[in-house]
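Here the structure is laid out as structure tokens; the discussion comes afterwards.
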Amino acid sequence: MIEPKAGELDATDIKILTCLQDNSRLTTKELAAKVHLSTTPVFERQKRLEREGYIKKYIAVLDPEKLNLGFVVFCCVKLREMTRETAHNFEESARNMKEVAECYNISGEFDYLLKVYCPDMRSYKEFIMNVLGTTDTVGSIQSMFVMSPIKKTFGLSI
């Protein structure tokens, strides 16, 4: 079988990526059986996909409820002013906030969308009052509390 060129994916690469998205703990032997190849080409393809950046890392998906972090909030943040410096300062601050799992620069009425995990409402209030609210670049905050997750996927549709 001919290997695809760097930066190109073939059907086998897609199948490898799909299998690893579903279970990144598959052994090379198990993965090879799923894509109908021997272990050596599968190992080489997987290493190439890692090298080329298609695979960023392998992680364990934790259960927030079991870790007492089941209170999930999407928090919209508007900066006092949107300049390169204030954006940089806010982004640096957000990276260091342990409660913030995800932070996105967005368009629209707000500048940033944060996904925050806390044990409960009281903890979230403390986060707003003592962490996010003390960031001098923040102009306003709007919180949306997750009632129940409907769909939560970590894989991409490829």
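Hey, could you grab the Kirkwood Rh for the range 71-145? Inverse mean 1/r over distinct alpha carbon pairs, Å, one decimal.
One over the average 1/r among Cα pairs gives 12.2 Å for the range 71-145.
Could you work out the mean projected area of the convex hull around the alpha carbons of the range 1-61, in square nanometres to one decimal?
That works out to 3.9 nm².
Extent of the chain along each principal axis, from alpha carbon coordinates, in Å, largest to smallest?
58, 38, 23
Starting with the highest mean, order 19-32, 145-158 by the number of other Cβ atoms within 10 Å, averaged over the residues of each peptide.
Working: 19-32: 14.1, 145-158: 8.1.
Per-residue mean Cβ counts within 10 Å order the peptides as 19-32, 145-158.
When the helices in the chain are scored as -39500 (n - 2.57) per DSSP H run of 4 or longer and the sum is shared across all residues, what 222 nm value do you end up with, to the nearest 500 deg cm²/dmol?
Values: 5 runs with 55 residues, N = 158.
Dividing the helical sum by the residues of the chain leaves -10500 deg cm²/dmol.
Relative contact order for the chain: what is it in percent, counting Cα pairs under 8 Å that are at least 6 residues apart?
This gives 26 percent for the chain.
Could you tell me the calculated FRET efficiency between Met147 and Leu62, based on Cβ-Cβ distance and R0 = 25 angstrom, to the nearest 0.05?
Working from the Cβ atoms, E equals 0.75.
Just list whichever of Lys56/Lys151; Lys15/Lys151; Lys47/Lys152; Lys78/Lys151; Lys34/Lys56; Lys34/Lys57 have alpha carbons separated by over 31 Å in the model shown.
Among Lys56/Lys151; Lys15/Lys151; Lys47/Lys152; Lys78/Lys151; Lys34/Lys56; Lys34/Lys57, the Cα-Cα distance tops 31 Å for no pair.
Net charge near Glu99, counting Lys/Arg +1 and Asp/Glu -1 over other residues with Cβ under 15 Å of its Cβ?
+2
No lab work stands behind these numbers, since they all come straight from the coordinates. Keep in mind the model is a prediction, meaning the values are calculated, not measured. Note that each Cβ is placed from the backbone with ideal geometry, even for glycine, and that neighbours are counted across all protein chains shown.
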